[in-house]
Every structure is written in C-alpha cells, then in structure tokens.
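Some notes on the structure that comes next.
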Amino acid sequence: MSSGKEVLVVVSKLKKHVRSVSGMNTAANVAPALSDIVRNLCDQAIERAKAEGRKTVMDRDFT
C-alpha cells in the first residue's frame, strides 16, 4: 500500500460513486490503495507504449 505517495484519485468523487451505487461509506485507506492500483496500471501502459515506439500512452495500452 502507498505510504507518502500522492493520491491519484479524486476522493470526493470516489466516495460519491461508492455511496450512490451501494449506499456504503468509503474508508480512508481506500484512496491510497486505489491509487497504487492506478499507478501500477499506468506503469504497465507506459511500458506497452514504449514497446510500440510511442511517446503517448493510449487507451489501448490499458488492455
């Protein structure tokens, strides 16, 4: 889990989404954990773009 790393998600929107879909609250440690997942996915997408010789990460790099 993230320790001291920047949160990459908009916490208020995350909480709003969880509440609107489920009626549930969101724990404080969800945003850093989700940010770690997003960071990992971005790193993988960056490597895919590099492997294709591009300097632009595209949506297809996330599949």
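Throughout, read-outs are computed from the coordinates displayed, never taken from laboratory work. Quick caveat: nothing in here was measured; it's all calculated off a predicted structure. For neighbour counting, all protein chains shown are included, and Cβ atoms are generated from backbone atoms with ideal geometry for every residue, glycine included.
The phi torsions of region 22-35, fed into the Karplus equation with coefficients 6.51, -1.76 and 1.60 and a -60° offset, translate into couplings of 10, x, 8, 8, 10, 5, 4, 8, 6, 4, x, 5, 5, 4 Hz, rounded to whole numbers, with Gly and Pro shown as x. When the square roots of the Cα gyration tensor eigenvalues are ordered a ≥ b ≥ c, the ratio a/c for the chain is 1.5 or more and a/b exceeds b/c, which makes its shape prolate.
Can you pull out the trypsin sites (Lys or Arg not before Pro) in the chain whose DSSP state is coil and whose Cβ has at most 14 other Cβ atoms within 10 Å? Could you put the intermediate results ahead of the total?
On the way: sites: Lys5, Lys13, Lys15, Lys16, Arg19, Arg39, Arg48, Lys50, Arg54, Lys55, Arg60; in loops: Lys5, Arg54, Lys55.
Here the sparse-neighbourhood loop sites are Lys5, Arg54, Lys55.
Leaving out same-chain residues fewer than 8 places away, which lysines sit with a Cα under 27 Å from that of Lys15? The qualifying lysines are Lys5.
For Leu8, the residues whose amide H sits under 5 Å from its own are Ser35, ignoring neighbours fewer than 5 places away on the same chain, with H placed 1.01 Å from N. Other residues within the sphere of radius under 13 Å centred on the Cβ of Val21, judged by their own Cβ, net out at +4 (K and R +1, D and E -1). The phi torsions of region 8-17, fed into the Karplus equation with coefficients 6.51, -1.76 and 1.60 and a -60° offset, translate into couplings of 9, 10, 7, 4, 4, 6, 4, 4, 4, 5 Hz, rounded to whole numbers, with Gly and Pro shown as x.
For region 50-63, the Karplus equation 6.51 cos²θ - 1.76 cosθ + 1.60, evaluated at θ = phi - 60°, returns couplings of 4, 4, 8, x, 9, 10, 10, 7, 10, 4, 5, 6, 9, 9 Hz by residue, with Gly and Pro reported as x. Simple spin-label estimate for Val18 and Arg48 gives 2.7 nm between the two label positions (7 Å along the Cα-to-Cβ direction from each Cα).
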